[in-house]
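Here the structure is laid out as structure tokens; the discussion comes afterwards.
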Amino acid sequence: MTKTIAAGALLTLSVATFAFAQKKQASPPAQTSATFGGKAVKIDYSAPSVRGRKIFGDLVPLGKVWRTGANASTTLTTDVNLEMKGLKIPKGKYSLYSVPRDGGFTLIVNKQTGQWGTDFDATQDLGRVELDAGKADASVETMVITLKAAGDAKGTLTIAWDKLTASAPFTAQ
């Protein structure tokens with residue numbers, strides 16, 4: 001009987017642990033891509049969720065470098081040279097970081113890749129671009145990054161999460 005009670009308690013504990021682990025999910029991987037003149041541009045990232053937390057100014061501090069997502073660093077891979085608000089981005093692979101501010105958002109294109117998201121080396125920056133920041137029409141629960149093509153050479157990169165949107169036009173060269 002003691003073995004039966006112990007087995008029952010262990011089963012109950014296992015089910016409760018599994019249920020808790022299922023409720024607290026990691027940020028899932030996500031990808032966005034667009035094609036310009038037959039050449040691909042893609043962004044791979046992990047998409048964090050709000051889950052009732054205060055995001056900008058708390059979970060994501062204002063004025064400090066943020067990994068622009070969760071987990072490993074967000075990566076931009078482009079088969080075509082890009083130009084974004086004066087920043088020339090040669091074809092290749094880069095990490096994307098950002099600095100959210102009250103009323104603003106800076107995107108950082110960094111030459112280092114393959115690192116964990118919080119391993120940031122500013123000496124590897126290719127450059128920085130001020131994104132056009134705004135308020136989302138409705139709260140965005142899970143962060144979304146989109147690349148939207150407008151013809152063979154123009155597009156827009158947009159980051160939306162919580163009540164913030166940040167975007168910039170770019171041109172495929």
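In the chain, the calculated helix contribution to ellipticity at 222 nm averages -4500 deg cm²/dmol per residue, counting -39,500 (n - 2.57) for every DSSP H run with n ≥ 4.
Partners of residue 54 within straight-line reach, counting aspartates and glutamates whose Cα lies under 12 Å from its Cα and excluding those fewer than 8 residues away in the same chain: 141, 162.
For the stretch 37-52 versus the stretch 73-135, the spacing of their alpha-carbon centroids is 13 Å.
Among the listed pairs 42/148; 88/111; 93/163; 91/135; 91/163, those with a Cα-Cα distance over 20 Å are 93/163; 91/135; 91/163.
Counted by Cβ distance under 11 Å from residue 172, the other residues give a net charge of 0, where Lys and Arg count +1 and Asp and Glu count -1. The accessible surface of the chain, taken with every protein chain in place and a 1.4 Å probe, is 56 percent carbon and sulfur.
Taking other residues whose beta carbon is less than 10 angstrom from the beta carbon of residue 156, and scoring Lys, Arg as +1 and Asp, Glu as -1, yields +1.
Principal semi-axes of the equivalent ellipsoid, √(5λ) from the alpha carbon gyration tensor of the chain, are 38, 18, 16 Å from largest down.
Using a cut-off of 11 Å between beta-carbons, work out the net charge of the residues near residue 80 (Lys and Arg +1, Asp and Glu -1, residue 80 not included). With Lys, Arg at +1 and Asp, Glu at -1, the net is -1. Taking packing as the residue-averaged number of other Cβ atoms within 10 angstrom, the listed peptides 26-39, 93-106, 66-79 run from highest to lowest as 66-79, 93-106, 26-39.
Could you size up the charge dipole of the stretch 42-173 around its Cα centre, putting +1 on the beta carbon of Lys and Arg and -1 on that of Asp and Glu, and report it in debye to the nearest 20?
Taking the Cα centre of the stretch 42-173 as origin, the dipole is about 40 debye.
Counting only protein heavy atoms and using a 1.4 Å probe, the accessible area of residue 62 comes to about 80 Å². Translational diffusion coefficient of the stretch 101-155 (Stokes-Einstein, Kirkwood radius from Cα pairs, 4 °C, 1.567 mPa s): 91 µm²/s.
Across the stretch 122-130, coupling constants 3J(HN,Hα) worked out from phi with the 6.51/-1.76/1.60 Karplus curve, θ = phi - 60°, read 4, 5, 9, 5, 6, x, 10, 9, 7 Hz, and Gly and Pro carry x.
The values are calculated or read from the model by the stated rules, or taken from the named source; none is laboratory data. On a predicted model such as this, the values are computed, not experimentally measured, just so you know. With ideal geometry, Cβ positions are generated from the backbone for all residues, glycine too; neighbour counts draw on all protein chains shown. Keep in mind that these areas ignore ligands, DNA and RNA; they rest on the heavy atoms of the full protein, side chains included. Shrake-Rupley method; radii C 1.70, N 1.55, O 1.52, S 1.80 Å.
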